[in-house]
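The values are calculated or read from the model by the stated rules, or taken from the named source; none is laboratory data. Bear in mind the structure is a predicted one, so any value in this text is a computation, not a measurement. With ideal geometry, Cβ positions are generated from the backbone for all residues, glycine too; neighbour counts draw on all protein chains shown. The protein model used for the area step is the full one, side chains on, heavy atoms only, and it has no ligands, DNA or RNA in it. Shrake-Rupley method; radii C 1.70, N 1.55, O 1.52, S 1.80 Å.
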Amino acid sequence: MTQTVAVLGTGKIGEALLSGMIRAGWRPADLLVTTRRSDRAEELRTRYGVESVGNAEAAKAADILILAVKPQDMGKLLDELTPHVGTDRLVISAAAGITTTFIEERLTTGTPVVRVMPNTPVLVDEGMSVISAGSHATGAHLTTTEEIFGGVGKTLRVPESQQDAATALSGSGPAYFYFLVEAMTDAGILLGLPRAQAHDLIVQAAIGAAVMLRDSGEHPVKLREAVTSPAGTTISAIRELENHGVRAALIAALEAARDRSRELASGNG
């Protein structure tokens, strides 16, 4: 790798990307980070051997800028970067709800911008990062973005018009599964199991089910039917889930998440 990459705002997601790039072959000497605190900068320097600089210095030195700050901090960050970012740079935004147009309007006209929505499993290299091109980003820019985010999971290209839906499904998706595991663990306790045992049973069931979904190529309906014998325990449970409107509740929940993503993108935070 011969390009220099700067991760601006190296929190959990930014650090996950940093470590993923190093595992994928990027040299620490080609990586820069920015942080708010000096102790955090020293921590990253010690752990990964990367240099910590200011935002303006990163913008001057790096070929690729990964903006991993919180959405509410993006405007201020762009004000710092704009004087130093030309059209020869690639700007990648990993901030939820921030559109490529928002960034492009604040940078030099023609600057390539790519929008990415990662989810928190990037912390364990099992993330899903949804990638969309801005007005001036080329296929080569998208490929570079995939190389970076592919080090911490899978990537998927979508039109930016689908980013809000992808955020609802994938960006927020892990939280829905944690919520479900929490509820099922509580049910296990109600049924007489110790919490630790209930947790282990549910987590392993979730891991096994996810691997089967990923590796079998079967439709989830077929996999569910394979567990659902006539007049058995599973169909009794599924009947109750349907009676309580769980399917409809999930659809409504994802619609709400999509709508909130649209609000954030429009500046109604």
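Quick notes
- For the stretch 166-266, the alpha carbon convex hull comes to 123 Å³ per residue, rounded to a whole number.
- Sum of side-chain charges, Ser261 neighbourhood, beta-carbon under 14 Å (Lys, Arg +1; Asp, Glu -1): -1
- The alpha-carbon atoms of the chain, seen along their principal axes, cover 68, 38, 33 angstrom, with the largest extent given first.
- Among beta bridges identified by DSSP and lying wholly in the stretch 5-158, the antiparallel ones come to about 15 percent.
- Taking every DSSP beta bridge that has both ends in the chain, the antiparallel portion is near 15%.
- For the chain, the 222 nm mean residue ellipticity estimated from helices alone, with every DSSP H stretch of n ≥ 4 adding -39500 (n - 2.57) and the total spread over all residues, rounds to -15500 deg cm²/dmol.
- With every protein chain in place, the stretch 98-217: carbon and sulfur % of accessible area (1.4 Å): 64
- Over the chain, accessible surface divided per residue gives 55 Å², non-protein components excluded, 1.4 Å probe.
- The protection proxy used here, the mean number of other Cβ atoms lying within 10 Å of each residue, ranks peptides 79-87, 31-39, 191-199 as follows, highest first: 31-39, 79-87, 191-199.
- The convex hull around the C-alpha trace of the stretch 1-119, projected and averaged over every direction, spans 6.7 square nanometres.
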